[in-house]
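Working notes, beginning with the structure itself.
The values are calculated or read from the model by the stated rules, or taken from the named source; none is laboratory data. Keep in mind that this is a model prediction, so the values were computed, not measured. No Cβ is skipped: glycine too gets one built from the backbone with ideal geometry, and neighbour counts run over all protein chains shown. The area values use the complete protein model at the heavy-atom level, side chains included, leaving out ligands, DNA and RNA. Shrake-Rupley method; radii C 1.70, N 1.55, O 1.52, S 1.80 Å.
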Amino acid sequence: MKKRLLAWILAAMLLAGALQGCGTSNETSGDSTDSVTLDTSTEGTESEHESETEAVTEESIKAGTETMVGTFEDKYGDYIFYRGSLSNTISKLINEKKLTVMYYGGSVTHGAGASDSEKTSWRGLFGDWLKTSFPDAEITNLSAAISGTGSKLGLYRLETDVVPYCPDLIFIEYAINDYYLKDGHEEIRIQNETMIRRLYEMNPKIDIVYLFTENVTTAGSQTVLHAGSKPQNEVAEYYGLNSIALGRALTDTITDKSSASSAEWKTYFQDGVHPIDAGYARYFEVIKEFLIHEVAAYQGEQATDKVLPETTLTTVMKNYVMICGEEMKNAVTGEWSYKRGLGMSSGSIVKYNGYFTVDAATKELSFTFTGKGVSIFFAGSGVQELQYSLDKPSWKSVSSDGNRPLTLLFDNEGEAAEHTLRIRFRAGSRPSDFRIIGFLVWVD
């Protein structure tokens with residue numbers, strides 16, 4: 001397969017033209033390279049030479065496509081929702097020979113459970129395979145995954161962890177954490193549609209692929225999509241984006257899904273959700289099939305800007321901000337202590353410095369903001385002991401399984417208003433390593 005893929009690439013490299021750089025909203029993409037051209041020393045007029053070039057190109061692409069389709073095995077087609085073309089990515093690899101891939105998600109994208117997260121996770125396997133398959137291309141693989149996080153933090157992190165790198169291809173994997181976080185169907189749709197539109201604003205030529213993973217509970221359901229993946233898939237369908245039910249492609253082959261301790265489940269997973277090397281290898285197979293399908297379908301198209309629907313599927317957030325670091329220090333009052341230092345680090349580019357912590361229960365932290373929603377972005381343990389008060393003297397206990405961030409206010413129907421959020425620990429509890437990394441504010 002690898003030899004045939006490389007042979008097709010060599011033929012397709014006869015294509016003329018080059019891609020434009022990243023969208024004008026970001027200027028960090030660098031200069032585009034010259035395209036490959038035929039030797040112009042042969043006799044004949046310019047028009048005759050152009051015709052020859054076109055004929056060779058069309059013939060090469062047709063032959064290459066037939067070769068790929070002839071060897072293509074549609075093993076996981078039931079789990080891949082083919083909608084939009086990946087031609088921008090393929091064109092970038094062949095014409096410009098340069099591609100930046102962003103891996104954006106939670107612990108499964110980070111590689112939790114793999115013997116080596118950089119090599120034996122699906123991300124590591126795919127990144128290495130991509131470089132091997134396109135040896136003449138400069139491929140940059142960037143991981144911006146943070147374990148335990150869903151679409152909400154994914155949206156708020158865009159400006160710091162994605163936009164500066166202006167990726168050409170992004171994999172988004174937040175479905176299973178959205179399932180855990182229980183933000184609600186509409187909230188997940190709002191977060192994802194806002195994220196998609198911002199990504200296209202950053203780079204109108206970006207290719208976006210959704211990945212849906214499973215846990216031992218969702219894997220046993222009759223429907224392929226669960227409460228975390230269904231709203232994401234609706235957004236993907238509306239915008240014509242490819243999505244892959246990555247988890248179900250594996251878990252549907254497991255007969256005994258009764259518990260995470262079953263021998264068959266443990267063949268692929270270390271617990272209820274995180275694969276081991278054998279599971280990640282299967283995830284990689286599914287994504288590889290998807291890319292081979294897209295290469296086989298490529299007909300030499302030049303990269304084009306995405307045309308977005310005139311109307312939105314749901315509400316799109318206009319203004320939203322993540323307040324962290326020194327900025328957070330200036331916005332917070334109370335008895336909690338601000339620490340300079342690393343509050344969280346994950347992936348190849350993610351690093352958040354500065355955090356608030358507390359050494360005794362009942363000490364309060366107060367944060368005043370104007371907006372329609374607020375969440376706390378935290379790390380560490382002890383969330384079950386946390387309490388909060390929003391504009392009232394009474395206190396509420398949070399409901400969370402420990403995944404972060406935690407939504408405390410979400411008001412899709414109301415107008416933006418001033419709110420004061422107070423946070424403390426339950427009396428008698430013993431705060432340990434709980435750290436508030438930042439506040440996520442939906443302004444309007």
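Note on the stretch 280-418: dipole from Cβ charges, positive end direction compared against Gln302, Pro405, Val321; the farthest Cα belongs to Pro405. Using every pair of distinct Cα positions in the stretch 359-414, the Kirkwood expression returns a hydrodynamic radius of 12.7 angstrom. Taking only the C-alpha atoms of the stretch 313-383, Rg followed by Dmax gives 14.2, 46 Å. Taking 0.36 nm per residue of separation and subtracting the Cα-Cα distance, full extension of the segment from Asn319 to Arg430 would add 36.3 nm. Diffusion coefficient of the stretch 107-160 by Stokes-Einstein, Kirkwood radius over Cα pairs, 37 °C, 0.692 mPa s: 264 µm²/s.
Could you give log10 I(q)/I(0) at q = 0.22, 0.25 Å⁻¹ for the stretch 134-199, computed by the Debye formula over C-alpha point scatterers of equal weight, without solvent? Once normalised to I(0) and log-transformed, intensities are -0.95, -1.15. If the segment from Lys119 to Gln384 were pulled out straight at 0.36 nm per residue, it would be longer than the present Cα-Cα gap by 91.9 nm. Residue by residue, the stretch 78-87 carries 3J(HN,Hα) couplings of 5, 10, 10, 8, 6, 10, x, 6, 9, 5 Hz when phi is fed to the Karplus relation 6.51 cos²θ - 1.76 cosθ + 1.60 (θ = phi - 60°); x denotes Gly or Pro.
Looking at this model, which pairs from Lys98/Lys266; Lys131/Lys351; Lys182/Lys372; Lys98/Lys318; Lys75/Lys182 are more than 30 angstrom apart at the alpha-carbon? If you can, show how the numbers build up before the last one.
Numbers: Lys98/Lys266 39 Å; Lys131/Lys351 26 Å; Lys182/Lys372 18 Å; Lys98/Lys318 33 Å; Lys75/Lys182 32 Å.
Violating the 30 Å limit, Cα to Cα: Lys98/Lys266; Lys98/Lys318; Lys75/Lys182.
Rolling a 1.4 Å probe over the protein heavy atoms of the stretch 206-284, with every protein chain left in place, gives an accessible area that is 51 percent carbon and sulfur.
Under the 0.36 nm per residue contour assumption, what length would be gained going from the current alpha-carbon distance of Ser394 and Glu326 to full extension?
Values: separation 68, 0.36 × 68 = 24.48 nm, distance 2.95 nm.
Between Ser394 and Glu326, full extension yields an extra 21.5 nm.
Using only alpha carbons, the stretch 87-232 has a radius of gyration to Kirkwood radius ratio (Rg to Rh) of 0.98. At a probe radius of 1.4 angstrom, the accessible area of the stretch 86-219 per residue rounds to 24 square angstrom. List residues of the stretch 150-189, by number, whose backbone nitrogen lies under 18 Å from a label position 7 Å along Cα→C-beta of Asn353. Those under the cut-off are 160-161.
Listed peptides 100-112, 239-251 appear in the order 100-112, 239-251 once ranked by packing, highest mean of other Cβ atoms within 10 Å at the front. Counted by Cβ distance under 13 Å from Gly347, the other residues give a net charge of 0, where Lys and Arg count +1 and Asp and Glu count -1.
For the stretch 295-379, what % of the accessible area comes from carbon and sulfur atoms, probe 1.4 Å? Can you show the working numbers first?
Details: 1900 of 4120 Å².
That share works out to 46 percent.
Heavy-atom accessible surface of the stretch 316-444, averaged per residue, reaches 47 Å², computed with a 1.4 Å probe.
If you take the alpha carbon radius of gyration of the stretch 288-438 and divide it by 2.2 N^0.38 Å, what ratio comes out, to two decimals? Numbers along the way, then the final one.
Details: Rg = 20.5 Å, N = 151, 2.2 N^0.38 = 14.8 Å.
Output field value: 1.38.
Counting only Cα atoms, the stretch 193-336 measures 60, 51, 26 Å along its principal axes, largest extent leading. Karplus-derived 3J(HN,Hα) values for the stretch 174-181, using 6.51 cos²θ - 1.76 cosθ + 1.60 with θ = phi - 60°, are 10, 4, 5, 6, 5, 5, 5, 6 Hz; glycine and proline are entered as x.
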